Amino acid sequence: DRRQRQMCIRDSLSNPYILTFLGIAGAGMAIKWWYDYNKGLVEATRQTHELTGLTGDALKEFRNEVQGTADTFGKEFTEVLQSANTLAQQFGISQQEAIKLVQDGFIASADASGQYLDILREYPGHFKEAGLSASQFIAITAQSSKMGIVSDKAVDTIKEANLKLREMSDGTKEALKEIGLDANKIQTELANGSTTTFEVMQKVSGKLNDFEKSSPVVAEAISN
């Protein structure tokens, strides 16, 4: 019965041979955990060095930040590492600054759609080219996620607008003219660096507010 089972368990735990066996088993589990931990640490260090070129204390500090971020937000170490490194390389900032921004994005719910790290690996170059900073990129990504914009549509819109404004096809020129913007002037300003494509996007957005949302002019401007 239940009482007899409890007595058997109690007697077993008081048996010195049983206690010795449990001690050995516990030690074995601890050794395995320590072995696996160190094996993972060595691999994480190798990946970090190969991707970033960091060494010494800077390598350890960055690796620990990446691992801590991955553990905290339930992500793979390699994904966080690649995302932070891409952010650093594309925006010309340090790896430490990059991982802090990655963490800020997580805290700001940028991963609500589950695609935050994918966005960090794919879009930084387009945002940099559009004239945005790394912190602005993270802020826009987080804000679009909070607004419930499906998937990566918000950041993809900025990417496509940047490409179309730089290419400046006849269709884009005509669309800009229809909403009251001078395409030739914009091209000159983009070429001499006095404006950025993101600033042009803001001007376009302001002009579109002067029209009805259902207006063909708005549809044409958004399309081109």
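Descriptive notes on the structure:
- Length-normalised contact order for region 29-185 - Cα pairs under 8 Å, 6+ apart - percent: 16 percent
- Cα gyration tensor category, rounded, prolate or oblate, for region 129-224 with a/c compared to 1.5: oblate
- Trypsin sites (Lys or Arg not before Pro) within region 150-224: DSSP coil, no more than 15 neighbouring Cβ in 10 Å: K213
- With the cut-off at under 16 Å, measuring from each backbone N in region 190-215 to a point 7 Å along the Cα-to-Cβ line of E160 picks out 201, 205.
- Neighbourhood net charge (13 Å Cβ-Cβ; Lys/Arg +1, Asp/Glu -1) for P216: -3
Here, each number is a calculation from the coordinates, and none is a lab measurement. It should be emphasised that the depicted structure is a prediction, and the values quoted were computed from it without experimental measurement. We place every Cβ from the backbone using ideal geometry, glycine too, and count neighbours over all the protein chains shown.
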